[in-house]
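Beneath this line is the structure, given in structure tokens, with notes to follow.
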Amino acid sequence: VGARPPVGGIPFVTFMAPGLVMMTMLNNAFAHSSSSLLQLKMQGLSQDILTPPLSPAELTAGFALGAMTRGVLVGAVTWLCVLPFAHLGLAHLWAVAYFGLGACTIMACMGILAALWALKFDHLATVTNFVIMPLTFLSGTFYSVERLPPLFRAASRFNPLFYVIDGFRYGFIGAADQDLPVGVVFVGVLSVGLVLLVWRLFTTGYRLKT
């Protein structure tokens, strides 16, 4: 890693460290909500969460906040582990908090959606391996998208995880690959949209009612 050239004047390890922290947050938030809900479905307990006094909003909050908590805690531990190597500062605390919580919200909801759709763990593994993993590794975690050919650079703008990683990195190093307001709006709209979608599916009992 030490032999890699700087990225935009920033040491490569310092540039990469926020992406690694964010990647652990994304993976853990998704894994927590998806595995928790799917295991509950496979054990035949899905009917229990559809009966009062739990409302769809409370179910959404419970699964999402649990996954977000795991994502944030794992991210904090990862950050502490990389500090001796990356010497990360904190340029913009608001960006770290906003994009960190937004990323965990997005992945928590995506985990719930995947678990609602899946009927067994093989289905969930398919989503993880062919959707979540490619989006994570092609989001600029280990490189700057500005170094990509124009076609691939443009394609990166359609990857939602690019915005959360780029904004999260901005919070630490003060530099971003895209216009930050675009990322702020995109992450906010996507987070709210996914929360509302999860709430709606819990309301209808999608793949939970037998």
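A few remarks follow.
- Hits in region 167-185 (condition: hydrophobic (A, V, I, L, M, F, W, C) and within 14 Å of G9 (Cα to Cα)): I173, A175, A176
- Condition met for G140 (at pLDDT below 90, small (G, A, S) and more than 18 Å from M23 (Cβ to Cβ)): no
- Within region 70-90, the set of residues being part of a loop (DSSP other than H, G, I, E, B) and either of a type in the set (D, E) or open to solvent by 50 Å² or more (accessible area, probe 1.4 Å) (or both) comprises H87, L90.
- All conditions in (1) more than 17 Å from the chain's Cα centre (by Cα); (2) among the β-branched types (V, I, T); (3) open to solvent by 60 Å² or more (accessible area, probe 1.4 Å); (4) more than 30 Å from L54 (Cβ to Cβ) hold for I173, with the sole exception of (3).
- Members of region 91-105 that are part of a helix (DSSP H, G or I) and either buried (at least 24 other Cβ atoms within 10 Å of the Cβ) or not β-branched (V, I, T) (or both): L93, W94, A95, A97, Y98, F99, G100, L101, G102, A103, C104, T105
- Complete set of residues in region 110-159 that are in contact with a Lys or Arg (Cβ under 9 Å, 6 or more places away or on another chain), open to solvent by 60 Å² or more (accessible area, probe 1.4 Å) and assigned to a helix (DSSP H, G or I): W117, E146, R147, R153
The values are calculated or read from the model by the stated rules, or taken from the named source; none is laboratory data. Remember, predicted model here, so these are calculated numbers, not experimental data. Please note: Cβ atoms are built from the backbone with ideal geometry, for glycine as well, and neighbour counts cover all protein chains shown. The area values use the complete protein model at the heavy-atom level, side chains included, leaving out ligands, DNA and RNA. Shrake-Rupley method; radii C 1.70, N 1.55, O 1.52, S 1.80 Å.
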